[in-house]
Protein chains: 2
Amino acid sequence: MTAVSAPTSAGTSFDLGPARALSCRECGHQIPLAAEFACAECFGPLEVAYEFGKIRREDIEAGPKSIWRYRGLLPVPSDVDSHPNTDPGLTRLVRADRLGAALGVKNLWVKDDTGNPTHSFKDRVVAVALAAARQLGFTVLACPSTGNLANAVAAAAARAGWQSVVLIPSSLERAKVLTTAVYDGALLAVDGNYDDVNRLATELASEHEDWAFVNVNVRPYYAEGSKTLAYEVAEQLGWRLPGQIVVPVASGSQLTKVDKGFREFGELGLVEPTPYRVFGAQATGCSPVSAAYKSGLDVVAPVRPDTIARSLAIGAPADGPYVLDAVRRTGGAVEDVTDEEVVEGIRLLARTEGIFAETAGGVTVATAKKLIETGQLDPDAETVLLITGDGLKTLDAVADRIGPKATVPPSAKAVREALGF
Amino acid sequence: MTAVSAPTSAGTSFDLGPARALSCRECGHQIPLAAEFACAECFGPLEVAYEFGKIRREDIEAGPKSIWRYRGLLPVPSDVDSHPNTDPGLTRLVRADRLGAALGVKNLWVKDDTGNPTHSFKDRVVAVALAAARQLGFTVLACPSTGNLANAVAAAAARAGWQSVVLIPSSLERAKVLTTAVYDGALLAVDGNYDDVNRLATELASEHEDWAFVNVNVRPYYAEGSKTLAYEVAEQLGWRLPGQIVVPVASGSQLTKVDKGFREFGELGLVEPTPYRVFGAQATGCSPVSAAYKSGLDVVAPVRPDTIARSLAIGAPADGPYVLDAVRRTGGAVEDVTDEEVVEGIRLLARTEGIFAETAGGVTVATAKKLIETGQLDPDAETVLLITGDGLKTLDAVADRIGPKATVPPSAKAVREALGF
């Protein structure tokens, strides 16, 4: 790949691979590559615009065993994997016949992103954010977060030898605090809710030129990392697109990038551009996009989240309208499920496939079940479910429902009796 | 690979790939392949004996992206990956320059087995045990366990659609109970300590012909799974052996199989048979092998474990004498570290490489540090550390030591003050 120089307002140049500019998703206004996230003309969200070189399947297959095999399709330099990073991705695409039988789907796959370095898909987006931030001249990696993102940022910064600043609400569960604090960055608990923490991050991002808040001032680059989920699914299926995919919706960014990834693969001739349908999954306790979809609206009214699926609990999802676009354009849908169904979804996936997902994964499985039962998802089409995080991180969600079948004295007879022999 | 038929005492035949017999490690007596684990002649432990076909690097490289790429070197049929299983292995070998700088080792790698399906190396041995058990005619997968093995057995059985029976001490921590119970097998808490549970498992294994206790009656097959750690290290280094490797010691089986794996690769011409040194790592609170090594003994006196490294807390390690053999033959050593050092080891690895290990990983890192400080490990030789399990499973070990740097009100000024700006 050729190195690229893009002029910026400061007159410096960056090697961000095939990335050529930032483009407003609302008005199309373009600006040079920079650490910007909102359009100066209309305040719409900025997205990376590319000029791709020739990308061949065999070059990807011969590439690194991580998301960096797709570096020619990401806003990162071609030598990205020579810098210390967590090398996420290339997680398993699991054939799920037993779950398929339980759901009545003939041809089902689970993309199991619990295998990432900190056990969620956030390692993908953070790795891309770190690579772009390095090029853009930042020296500190930062984020506001309630969990998975905090883990991923703290770990990625530690691995790279960068400082990190991670802001969390002071009420966060102990397990999520520990799994971030262990990496020994600057973890600060903020007295306030997640909205307060988020506002604080935006303020700090504007005041500290060397702090890259991955999901704020470098968000356009960060978000592109989710495309790798689509790339991997297509490559792992043997270079073709699935008929249907079910994606959990928090901010909505992931779903729109999965759709973008499939489209790019088709446009670049890496796969046949066959039709695919994208479905969004939400918890009923935070289902603003599902509500908008069902009401036939183009705008998403904010809600106050109340669900055990805390990693999806974004009441005002920034990419909600784009989720509605993608879902409607591809013939998909958005559906939501109760917390009770979320727990049943976690248990169903664990029981049938031996994969223990966090609550967001329960949302995906339970939503798939509901979509089938309501006739929205075609049980005869090849279907992929995205499992984006690990059950070890949300043990409390299932703690009340599961446990040993029995407690017995240490005798073989007692074991047999307990098992009903 | 040619299918193999081995006659058994019952007159049936099994396809266990290149496996030809079970051989006593003490007296060399051989018996046909069967579900046996102790020599009828001398009560010594039985081990799988092979007749390997031609194994080529390119065939391995073109194989599955899991331990099954080495199926020609394991006691499993050649179609092993066509049966539903968790497909473990091919975890990351991470270049660890920052940890190396902290330890004073020039050329350091971490084999990060936290990326396995249930986040420990136990997925490897259980997958091999399941594959062999299927061939041997078992229908139930079982184990006594205090943690990682319980997770791995319950998940593997769920994925395969097998029944599982997992026996745990009733005092086991809530997190380890939950991460096993979620797979919905027959999890039984036993009133007693781990020794009681282990004895109960041996009794049940003799009474239930269709129950494969992975670490009891199919142990010879199960143990072979650890060879894949060595195979992967050698392949990922570019088909060569490291100069030194540090391996945690519980029963000692893993260390002896890593040594076996390196030797096999050399004998088969897959790597140059260059010299390597194997080091064992224990927690001082359960260090019977380290004590024997330091005293120059060939036998290992049992101890009563008292350490936070519970996954290594086996007071009477079955393979202890074979660990001493391997370590002495290769010019390595066995060393042990305090619980305080274990926690520091966990934190050092997390801080420098962004990898959060369970207590066993802390033992490995801290022992490597001590081996260097005492001049036993050569800081100029290429060195690999085995990190065999995930920190999410042993949060309590670090809970008292780490946390947010500060709790602040939601203001940028407060953040800057907390960070010392």
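The values are calculated or read from the model by the stated rules, or taken from the named source; none is laboratory data. Because the structure is a prediction, the values reported are computed rather than measured. All Cβ positions, glycine included, derive from the backbone under ideal geometry; neighbour counts span all protein chains shown.
Listed conditions (1) surrounded by fewer than 24 Cβ atoms within 10 Å (Cβ to Cβ); (2) at pLDDT 95 or above; (3) within 14 Å of chain B (Cβ to nearest Cβ) are all met by A:Ala397, apart from (2).
Residues that are within 11 Å of chain B (Cβ to nearest Cβ), surrounded by fewer than 24 Cβ atoms within 10 Å (Cβ to Cβ), farther than 19 Å from A:Glu358 by Cα and among the charged types (D, E, K, R) occur in the stretch A:73-94; there is at least one. Taking the stretch A:18-33 as the range and being in contact with a Lys or Arg (Cβ under 8 Å, 6 or more places away or on another chain) and of a type in the set (Val, Ile, Thr) as the test, no residue passes. Is it the case that A:Leu204 is touching a residue at least 12 places away in the same chain (Cβ under 8 Å) and touching a Cys at 6+ places or on another chain (Cβ under 8 Å)? Taking the combined requirement at face value, the residue does not satisfy it. Of the residues that make up the stretch B:241-250, is at least one within 8 Å of chain A (Cβ to nearest Cβ), out of contact with any helix residue (DSSP H, G or I) (no Cβ under 6 Å at 6 or more places or on another chain) and buried (at least 20 other Cβ atoms within 10 Å of the Cβ)? No.
Can you tell me how many residues in the stretch A:166-199 are part of a strand (DSSP E or B), more than 7 Å from chain B (Cβ to nearest Cβ) and in contact with a Leu (Cβ under 8 Å, 6 or more places away or on another chain)? Going through the stretch A:166-199 one residue at a time, the tally reaches 3. Hey, among the residues in the stretch A:290-306 that are surrounded by fewer than 21 Cβ atoms within 10 Å (Cβ to Cβ) and β-branched (Val, Ile, Thr), which one's farthest from A:Gly147 (Cα to Cα)? If we take residues in the stretch A:290-306 being surrounded by fewer than 21 Cβ atoms within 10 Å (Cβ to Cβ) and β-branched (Val, Ile, Thr), then A:Val299 is farthest from A:Gly147 (Cα to Cα). Just to be sure, is B:Val214 over 27 Å from A:Ala357 (Cα atoms) and buried (at least 24 other Cβ atoms within 10 Å of the Cβ)? The answer is no for B:Val214.
On the given criteria, is B:Ser145 modelled with pLDDT under 95, polar (S, T, N, Q) and at negative phi? Lay out the reasoning, then the answer.
Working: modelled with pLDDT under 95: yes; polar (S, T, N, Q): yes; at negative phi: yes.
Considered against the rule, which asks whether it is modelled with pLDDT under 95, polar (S, T, N, Q) and at negative phi, B:Ser145 comes out as yes.
Applying the condition of being at pLDDT 95 or above and under 30 Å from A:Leu392 (Cα atoms) to the stretch A:318-336 and asking which residue is surrounded by the fewest Cβ atoms within 10 Å (Cβ to Cβ) yields A:Ala333. A:Lys257 meets all of the listed conditions (1) on the phi > 0 side of the Ramachandran plot; (2) part of a helix (DSSP H, G or I); (3) of a type in the set (D, E, K, R) but one, namely (1). Scanning the stretch A:95-118 for residues that are assigned to a helix (DSSP H, G or I), within 11 Å of another protein chain (Cβ to nearest Cβ) and either surrounded by 19 or more Cβ atoms within 10 Å (Cβ to Cβ) or in contact with a Gly (Cβ under 6 Å, 6 or more places away or on another chain) (or both) yields A:Arg98, A:Leu99, A:Thr114, A:Gly115.
Which residues, counting only those in the stretch B:316-370, are on the phi > 0 side of the Ramachandran plot and out of contact with any helix residue (DSSP H, G or I) (no Cβ under 6 Å at 6 or more places or on another chain)?
Answer for the stretch B:316-370, where residues must be on the phi > 0 side of the Ramachandran plot and out of contact with any helix residue (DSSP H, G or I) (no Cβ under 6 Å at 6 or more places or on another chain): just B:Gly331.
Filtering A:Val342, A:Val299, A:Val365, A:Val384 for residues that are of a type in the set (Val, Ile, Thr) and either at pLDDT below 95 or closer than 21 Å to A:Pro45 by Cβ (or both) leaves a single hit, A:Val299. Residues in the stretch B:63-94 that are in a helix (DSSP H, G or I) and of a type in the set (A, V, I, L, M, F, W, C): B:Ile67, B:Trp68, B:Leu73, B:Val80.
A search for C-beta distances below 7 Å between a residue of the stretch A:337-348 that is more than 14 Å from chain B (Cβ to nearest Cβ) and buried (at least 19 other Cβ atoms within 10 Å of the Cβ) and any residue that is of a type in the set (Lys, Arg) and not in a strand (DSSP E or B), counting only pairs 6+ apart in sequence or on different chains, returns A:Val337/A:Lys370.
Considered as a group, the residues in the stretch A:22-68 that are buried (at least 19 other Cβ atoms within 10 Å of the Cβ) and within 14 Å of another protein chain (Cβ to nearest Cβ) include one that is nearest to B:Thr91 (Cα to Cα), and that residue is A:Ser66. A count restricted to the stretch B:371-391 and to residues that are more than 22 Å from the chain's Cα centre (by Cα) and in a helix (DSSP H, G or I) stands at 2.
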